[in-house]
Amino acid sequence: MENVEAAFRNIHQDLIDGCREGDQKAQFQVYKLYYKAMYNTSLRIVNDSMEAEDVMQEAFLSAFEKINTYSGTVSFGAWLKRIVVNRSLDALGKRKAIFEDIESHTGLRDDSHEDTAYKEEVEARVEEVKAAIEQLPEGYRVILSLYLIEGYDHDEIAEMLNISSSTSRSQLSRAKQKLVSELKNRNVYEL
């Protein structure tokens with residue numbers, strides 16, 4: 001266990017130590033390292049750029065205020081991401097909003113000379129998948145985002161959403177089935 005902890009502590013430990021001491025330069029460096037990923041995490045959950053920005057800012061403030069509770073047993077990024085996810089779920093719960101879009105992680109941009117028509121076809125399919133995800137009930141979208149995009153397991157999701165692990169599994173299964181059905185209805189994929 002000691003080796004695992006050390007592996008997480010040594011990446012940006014000097015900055016984390018600076019944050020513990022209230023060093024604003026260290027806090028700014030940590031912010032610069034993590035803000036984009038944390039913003040994208042929040043955006044996928046709250047689906048509103050302004051609200052995601054607010055959630056991210058509040059999460060960083062909270063993290064810096066509670067930095068002494070960071071034990072180093074997980075990476076700092078994972079610890080911070082958990083704060084962002086919890087804040088995002090709180091914001092979503094407060095407004096009972098419906099997701100409209102989930103940012104894609106397809107890696108479509110590269111410097112190779114791929115056929116433009118192929119890129120356009122892939123981008124069109126990604127947009128269709130995103131549109132199909134928009135049609136899913138809120139609970140399904142949240143589970144899909146947390147499990148497939150954010151990488152949380154069912155026990156973690158259950159804890160975050162105050163549901164059982166089996167409910168998380170069944171919701172994910174139903175969400176996948178519903179998404180496949182939506183995609184078939186849109187003739188996106190011949191499944």
* Which number in (1) modelled with pLDDT under 85; (2) part of a helix (DSSP H, G or I) marks the one condition that Gly107 misses? -> (2)
* Structure fact -> In region 123-140, residues that are over 14 Å from Arg174 (Cβ atoms) and surrounded by fewer than 14 Cβ atoms within 10 Å (Cβ to Cβ) total 3
* List the number of the failed condition for Ser71; all other conditions in (1) more than 14 Å from the chain's Cα centre (by Cα); (2) closer than 20 Å to Phe28 by Cα; (3) small (Gly, Ala, Ser) hold. => (2)
* So how many residues does region 1-47 have that are more than 30 Å from Glu138 (Cβ to Cβ), surrounded by 11 or more Cβ atoms within 10 Å (Cβ to Cβ) and at pLDDT below 85? -> 9
* Can you name the residue in region 154-177 that is small (Gly, Ala, Ser) and under 20 Å from Leu92 (Cα atoms) and is also surrounded by the fewest Cβ atoms within 10 Å (Cβ to Cβ) among such residues? -> Ser164
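Results for (1) in contact with a Pro (Cβ under 7 Å, 6 or more places away or on another chain); (2) assigned to a helix (DSSP H, G or I); (3) in contact (Cβ under 8 Å) with a residue 24 or more places away in the chain, shown as yes or no for each residue.
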{"residue": "Phe28", "(1), (2), (3)": "no, yes, no"}
{"residue": "Asn40", "(1), (2), (3)": "no, yes, yes"}
{"residue": "Leu43", "(1), (2), (3)": "no, yes, yes"}
{"residue": "Met50", "(1), (2), (3)": "no, yes, no"}
{"residue": "Met56", "(1), (2), (3)": "no, yes, yes"}
{"residue": "Phe60", "(1), (2), (3)": "no, yes, yes"}
{"residue": "Gly72", "(1), (2), (3)": "no, no, yes"}
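Suppose the filter is more than 16 Å from the chain's Cα centre (by Cα), surrounded by 15 or more Cβ atoms within 10 Å (Cβ to Cβ) and modelled with pLDDT of 70 or more; does Ala91 pass it?
Answer is no for this residue.
The values are calculated or read from the model by the stated rules, or taken from the named source; none is laboratory data. A quick note: this is a predicted structure, and the numbers were derived from the prediction, not measured. When we count neighbours, we look across all protein chains shown, and the Cβ atoms used for this are built from the backbone with ideal geometry, even at glycine.
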